[in-house]
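The values are calculated or read from the model by the stated rules, or taken from the named source; none is laboratory data. Keep in mind the model is a prediction, meaning the values are calculated, not measured. Cβ: placed from backbone, ideal geometry, glycine included. Neighbour counts: every protein chain shown. Surface areas here come from the heavy atoms of the whole protein model, side chains and all, with no ligands, DNA or RNA. Shrake-Rupley method; radii C 1.70, N 1.55, O 1.52, S 1.80 Å.
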Amino acid sequence: MPSFFTRHGDKIISVALTLFIAAALVFVVELTVRGSFQATLDFFRQPFRPSWATVALIALLFWLLDAVFGRAHNGVLIVAPLLLLLAVVNHQKAFYLGDPLYPTDFLYSRQIIELLPLLVRDRPWTAAGIVLGITVLIAALVWGWRTLRRRLPRLKPRARLWRLAAALPALLFFGSLMDYASFSWVRDRLQIVPMMWDQRENYASNGFAIAFALNVPMAKVSAPVGYDEKAIQAIQSPVHGVTMPGERPDIIMVMSESFWDPTRLPNVSISPDPMPTVRANSSGYSFSPEFGGMTANVEFEALTGFSNAFLPYGSIPYQQYIRAPMPTLANFLKQEGYETRAVHPFAGWFWNRKPVYEAFGFEHFSSEENLPYLEKRGPLASDAALTEQIIKEADATRAPLFMFAVSLQNHGPYEPGRYWDATHTVSTDIPEKSMQSVLSYAEGVSDADKGLARLMEWAKSRDRRTIIAFFGDHLPPLGQPYIDTGYLKDMVPPKREPLKDLLQHRETPLVVWSNRDGPIQNIGTVSPAYLPSILLGEAGIKHPYYTGVLSEMRKRFPVVDRHVLMGADGSETADWSRAKEVAPDVSRLRLLQYDAMFGKKFGTDRFFPKPRQDVLPLG
């Protein structure tokens, strides 16, 4: 009688080969992502890591695709190139931005493509290598599909059926485990531990494939513990209703691209001072929720008074959550008779700004599509030209004005020789290329500072009271100069570090100034979400949320970050979001934000009142 192996030997060999290929692929992917052979070995050897669960997952995916296409190991030709490409992209993103690759990153792939010319200017050989690699990969895929696939053994209907029967239910079950917001006994037994509060550790512990899958449900925002109508009704504001001053000032916010003080770089001397206007009128610092990019997340806070700290790690509200009108500074001021305008000298689709600004309440959005030609300085529209456009639009407005402008000129990368007519000098002992990059960046800072000086000069000549807020969205993506000067150990800082280090790596200069009173001083370091509170307070406007709840929160915690709270006395509360009990002020703000953005709007009438009936809409 034939032995079991004789009767089923081909199946056993096929299964073993599939598992071996899956294990080899997972190993190569983790090696690419981690950049360390030892760390990859540790991932496989340590029993509390889900390495072998990942191998099983990939093998099941192979079998499913084999069943679909009818040939053994066909799934390898599809899954392996795709997974390796994602691993390479993850490695590059982590290297330059400090964050792993998320599924939501593909929502703004068009933005990355649009910025490729700038990246090519800065790193031509890297760009050439990427193009060559993609070309080789595509050629290999085409060759593999047309040549190797023909040599793969065809599967009989019965073999296809058992693969489908084994793989499909298992994969569907695995997919059900990816809801990180709920506990799963099976997931726990598989050593898969979602660490959504620390994505670097999440990817390191769970591996690239599973961590990436865990982030797929990111668009779903779970209600905070205790959220219901009673909890919202229990929240009280020290301000009841809206009160407007007799004279309604114009309010102009300028978010300056990557604006930061380059003199903070150690062992670097820049002459003359690149930011004398900002230094002379300093109000404090904005504590950016991002480093080196993700401008839209900073905008979100500055325009809504809501915090990224209460949203899933890695999420992009502009891309994922804003689909309808919601409470914002622009919507409120428009309801009170203001004309609301936004200006950004780049494409309106970038960061999904056009529909987002419409939902935010901006009546006019001047973008690359409808702006007149703005003179460039370097490869991008100059800050000087943008400033003149702001002035032009403000002068043409009769009603009180709220304007939000986002500059572009000093967007990275900062290639050497960006400005042929540089007006600054940099003295340092770092390598020439890094020194030239610092010079390019400092020249852009100087132009932004001059733009603010011009705006203030114009405002001083106006009869109408004008309030200007000027701040940087995040530190610049300088890259190698950070390492060469000793400012950072790597291209980007860790997301989680002591508060004193976070302040060094997240603070950008903040100026809040009016043509009647000059700069507001001693604001300190604040999250961008507090800017609506600060601006309305300076304008003499009272509002239940912005100058009520939000102002009270600022007195307790002027910085709210997903990893740390900074108290008014400078104290540090690390990992607050993982604590069993959260400070009442923080809990109230999180409940109100969820209610307004995703919930049942229990508090909308009280905290975001409807327009006053005595204010006529703009014609």
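Quick notes on this one:
- When the criteria are applied in full, GLY75 fails the requirement of being modelled with pLDDT under 75 and open to solvent by less than 20 Å² (accessible area, probe 1.4 Å).
- Considering residues of the stretch 383-416 that are out of contact with any Phe, Trp or Tyr (no Cβ under 7 Å at 6 or more places or on another chain), assigned to a loop (DSSP other than H, G, I, E, B) and closer than 20 Å to LYS334 by Cα only, the residue least open to solvent (accessible area, probe 1.4 Å): THR397
- Test: residue in the stretch 553-573 that is at negative phi, in contact (Cβ under 8 Å) with a residue 60 or more places away in the chain and surrounded by fewer than 14 Cβ atoms within 10 Å (Cβ to Cβ): no
- Elements of type helices (runs of 4 or more DSSP H) in the stretch 227-334, at least 3 residues being closer than 30 Å to ASN215 by Cα and at pLDDT 90 or above: 229-233, 295-304
- Condition check for ALA324: surrounded by fewer than 21 Cβ atoms within 10 Å (Cβ to Cβ), in contact with a helix residue (DSSP H, G or I) (Cβ under 8 Å, 6 or more places away or on another chain) and of a type in the set (A, V, I, L, M): yes
- Of all residues in the stretch 250-274, those that are more than 25 Å from LYS392 (Cβ to Cβ) and open to solvent by 10 Å² or more (accessible area, probe 1.4 Å) total 11.
- Remark: pairs (first residue in the stretch 358-382, on the phi > 0 side of the Ramachandran plot; second residue assigned to a loop (DSSP other than H, G, I, E, B) and open to solvent by 70 Å² or more (accessible area, probe 1.4 Å); Cβ separation under 9 Å; 6+ apart in sequence or on different chains) = GLY361/PRO325.
- Contact annotation: residue pairs with Cβ atoms under 7 Å, 6 or more positions apart or on different chains, pairing a residue in the stretch 445-462 that is small (Gly, Ala, Ser) with a partner that is in a helix (DSSP H, G or I) and buried (at least 18 other Cβ atoms within 10 Å of the Cβ), are ALA448/ASP383; GLY451/ASP383; GLY451/LEU386; GLY451/THR387; ALA453/THR277.
- Note on the stretch 113-142: among residues that are closer than 21 Å to GLY75 by Cβ and surrounded by 11 or more Cβ atoms within 10 Å (Cβ to Cβ), the one that is modelled with the highest pLDDT is ILE138.
- Extreme residue, surrounded by the most Cβ atoms within 10 Å (Cβ to Cβ), among residues of the stretch 477-528 that are of a type in the set (Gly, Ala, Ser) and more than 22 Å from ARG248 (Cα to Cα): SER527
The rows are residues; the columns are (1) part of a helix (DSSP H, G or I); (2) more than 19 Å from LEU488 (Cα to Cα); (3) acidic (Asp, Glu).
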residue: SER434; (1), (2), (3): yes, no, no
residue: VAL438; (1), (2), (3): yes, no, no
residue: GLY444; (1), (2), (3): yes, yes, no
residue: ASP449; (1), (2), (3): yes, yes, yes
residue: ARG454; (1), (2), (3): yes, yes, no
residue: ALA459; (1), (2), (3): yes, yes, no
residue: ARG464; (1), (2), (3): no, yes, no
residue: ALA469; (1), (2), (3): no, yes, no
residue: PRO476; (1), (2), (3): no, no, no
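- Criterion (over 30 Å from ALA539 (Cβ atoms) and among the small types (Gly, Ala, Ser)) met by exactly one of GLY361, GLY412: GLY412
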